[in-house]
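The values are calculated or read from the model by the stated rules, or taken from the named source; none is laboratory data. None of the values given here were measured: they were computed from a predicted structure. With ideal geometry, Cβ positions are generated from the backbone for all residues, glycine too; neighbour counts draw on all protein chains shown. Side chains included, ligands, DNA and RNA excluded: accessible areas come from the protein's heavy atoms. Shrake-Rupley method; radii C 1.70, N 1.55, O 1.52, S 1.80 Å.
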Amino acid sequence: MSWAGPEDIFLSTSLASYLDKKLLILLRDGRKLLGILRSFDQFANAVLEGACERVIVGDLYCDIPLGLYVIRGENVVLIGELDLEREELPPHMTRVPAAEIKRAQKAERDSTDLKGSMRKRMEFLDLD
């Protein structure tokens, strides 16, 4: 049996204050999830109701519905409550369909891969 330290108790009580509230959760892999916190445990595993993944590429965004979603606590980097009175995104952001955001993600990924491969090919120049 493992002993729960004071920091574990603090985590549990602080998550309790988020129950039934709309949250933004940032995961280790960079994904951003939104949803209503319905349950959690001592490991910060969480259950979101009405969850969606918010994908942002440049000025485009899309909320991809996930439904009821279980998040493993070790993957959580940040949890924040969303203010329902405020606009969630700046006005210059444009909502697009899932297919369009997937294309934009692929183009962004391909661009990053190309930069990386060009940098690798030019290493022999030793520009430093």
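A few notes on this one:
- The listed residues 108, 87 rank as 87, 108 when sorted by accessible area, largest first, using a 1.4 Å probe.
- Loop-resident sites, region 72-109, for trypsin sites (Lys or Arg not before Pro), counting at most 11 other Cβ within 10 Å (DSSP): 86
- Sequence ranges 14-21, 27-34, ranked by mean other-Cβ count within 10 angstrom, highest first: 27-34, 14-21
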